[in-house]
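These notes concern the structure reproduced below.
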Amino acid sequence: MHSRSLGLIRFAVVALLLAGAVRTNAADAPGPLTIRVAPAFSTVGFSILEFGVMKQDGSFRDFEGEVFYDAAHPERSHVRFTVKVASIDARSHAREHVLLSDDFFDAQRFPTMAFASKSVSRQPDHTLLVSGELTIRGVTKQVTVPVRYLGLNQRENESRQTFAGFETTFTLDRTEFGVNGSRWSGGKLALSKEVTVHMTIGGQVE
C-alpha cells in the first residue's frame, strides 16, 4: 500500500477518534443542574481527637439543602445547606447531651447550623472551591472548602429519576465558633480544636 494511502487512513482514524472524544466529553458534561439534597443519599459527618489519641466520630441526621451546579460556568453555581443541631449522633446519649448543652453547641438557643455560598471556582484538577458564610452557634465566618463533583446518573430506573453527587472534606477550628466546652472536663484540653468534617451530598436532579 502506498505511503499516501496509509497517511490518509491514519488521518481518518485520528479524526474519528477525536470526533468520538468530543461527543463523549459533551455527553459527560452536564448542563445546569438543580439538586435537592436527599438525606437518604447524603451524610454529614465529623471526627475529633479526644485526649490526643482517640478519634471520636459523629454525624447529623437531619439536614436539608439545594445545589445549583453549572459545569460550563462554575462561577454561576451556588449552594445553601442547613443542619439541625439536635439531630446529632455521637454514639452516646451522655456525649450528645453534653454537646447539645450551652457549653458546646447550645442547641436550645441556636438550633441550626447553616452554610450559604458566595462564590464558586474550578481548579486545574477540576476540584471546585466553594467560598461562603458558615454559621455555627450564632457565629458567622467566611470559609472556603474543596468540593468534588461525583457525577450524574442518567440511567433510567423505575421512577425515571436522575441523580447527582458531590463530596467534600475540610477542617474547622471549633473554638472560632464558640464551641468551647470549657466547663466539661477541661473541654479545651480534652478535645482537639480541629474538627474534620466530611460530607457526601446526593439528590435528585429537578
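Key figures
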| read-out | value |
| --- | --- |
| Arg109 being modelled with pLDDT of 95 or more, among the basic types (Lys, Arg), buried (at least 16 other Cβ atoms within 10 Å of the Cβ) and more than 14 Å from the chain's Cα centre (by Cα) | no |
| Some residue of the stretch 150-158 being surrounded by fewer than 16 Cβ atoms within 10 Å (Cβ to Cβ), within 17 Å of Ile201 (Cβ to Cβ) and within 15 Å of the chain's Cα centre (by Cα) | yes |
| Test: residue in the stretch 129-142 that is outside any strand (DSSP E or B) and exposed (fewer than 14 other Cβ atoms within 10 Å of the Cβ) | yes |
| Qualifying positions in the stretch 108-155 - touching a Ser or Thr at 6+ places or on another chain (Cβ under 6 Å), under 13 Å from Thr82 (Cα atoms) and β-branched (Val, Ile, Thr) | Thr112 |
| Positions within the stretch 90-106 being of a type in the set (Asp, Glu) and surrounded by 15 or more Cβ atoms within 10 Å (Cβ to Cβ), in sequence order | Glu96, Asp103, Asp106 |
| Search result, residues across the stretch 55-90 that are closer than 28 Å to Ser192 by Cα and part of a loop (DSSP other than H, G, I, E, B) | Arg61, Asp62, Ala90 |
| Flag for Ala90 being modelled with pLDDT under 95 and more than 16 Å from Gly132 (Cα to Cα) | yes |
| Subset of the stretch 77-100 [touching a residue at least 12 places away in the same chain (Cβ under 8 Å), hydroxyl-bearing (Ser, Thr, Tyr) and over 15 Å from Ser42 (Cα atoms)] | Ser77 |
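The values are calculated or read from the model by the stated rules, or taken from the named source; none is laboratory data. Since the model is a prediction, treat every value here as computed from it, not as a measurement. Methodologically, a virtual Cβ is constructed for each residue, glycine included, from the backbone with ideal geometry; neighbour enumeration extends over all protein chains shown.
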